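One structure, as structure tokens, below. Some questions next.
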Amino acid sequence: MKNIKYIILLLLTYNMTSAQIAIGKESVSNTSVSLEFGSANRGMVLPWVTSIAAVSSVREGSLAYDLTDHKVKLKIAAGWKDMSGDPTGTTVDPLTNIDGVLIQDAATENTGAKVAIGEPTSSTGILVLEDTNKAMVLPQVASPHLNIINPAPGMMVYDTTSNQLAFFNGKMWSFWKPSN
């Protein structure tokens, strides 16, 4: 939990000085990038929500890991699209004590918490990329199902071997490529 608070503080500090952030590397690859990750065999863990049905006022393009059915979901105009493809996902109890370390403090969520990169607007979310002319570059991993040793439920990466988005639901990886 302390690491998460440190990362959020770091993002807030960078947000005040720059609309471009690199994590795990020295700088972003070009001026069209607002957030970019390094090349280690690591992914981005999406926010866990108790029930996607309870998430309101969310914009299209939002992603979350739904604890009710253990699936990664994408907000589209028609509702929430299942990105996992497999119903057998699982999660650990976020309050579980593992090797003497509490994964998450038992605390009430601050629903107004937000980190914005770019000029802040009223958009809701945990991490909101506000720029209208920049994109996020996802963590890139070759064959994540082979190279990420201990993935977390809700993890997302771009698989550079298959050129697909990869989502981990707690038990298995699902790969998604938009149809042409």
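The values are calculated or read from the model by the stated rules, or taken from the named source; none is laboratory data. Since this is a predicted model, take the numbers as computed values, not measurements. Positions of Cβ are generated from backbone atoms using ideal geometry, with glycine treated the same way; all protein chains shown enter the neighbour counts.
Considering only region 62-92, state which residues are among the polar types (S, T, N, Q), touching a residue at least 40 places away in the same chain (Cβ under 8 Å) and over 25 Å from E130 (Cα atoms).
S84, T88, T90, T91 - these are the residues of region 62-92 that are among the polar types (S, T, N, Q), touching a residue at least 40 places away in the same chain (Cβ under 8 Å) and over 25 Å from E130 (Cα atoms).
So, in region 131-155, how many residues would count as being crowded, with 16+ Cβ neighbours inside 10 Å and farther than 21 Å from M83 by Cα?
The number of residues fulfilling the criteria is 2.
Here is a follow-up. Considering region 32-61 alone, what residues qualify as being of a type in the set (S, T, N, Q) and without any contact (Cβ under 8 Å) to a residue 12 or more places away in the chain?
Once the filter is applied, which keeps residues that are of a type in the set (S, T, N, Q) and without any contact (Cβ under 8 Å) to a residue 12 or more places away in the chain, region 32-61 yields only S56.
Right, here's the next one. Kindly indicate which of V33, V58 is modelled with pLDDT of 90 or more, farther than 20 Å from A152 by Cβ, out of contact with any Phe, Trp or Tyr (no Cβ under 6 Å at 6 or more places or on another chain) and aliphatic (A, V, I, L, M).
Matching residue, one of V33, V58: V33.
Go through (1) charged (D, E, K, R); (2) modelled with pLDDT of 85 or more; (3) over 14 Å from the mean Cα position of the chain (by Cα) and name the single condition K71 misses.
(3)
With the condition kept exactly as written, say whether any residue in region 2-19 is at pLDDT 80 or above and surrounded by 13 or more Cβ atoms within 10 Å (Cβ to Cβ).
no
Give the residues of region 47-81 that are more than 16 Å from G125 (Cα to Cα) and touching an Asp or Glu at 6+ places or on another chain (Cβ under 7 Å), sorted by residue number.
K71, A77
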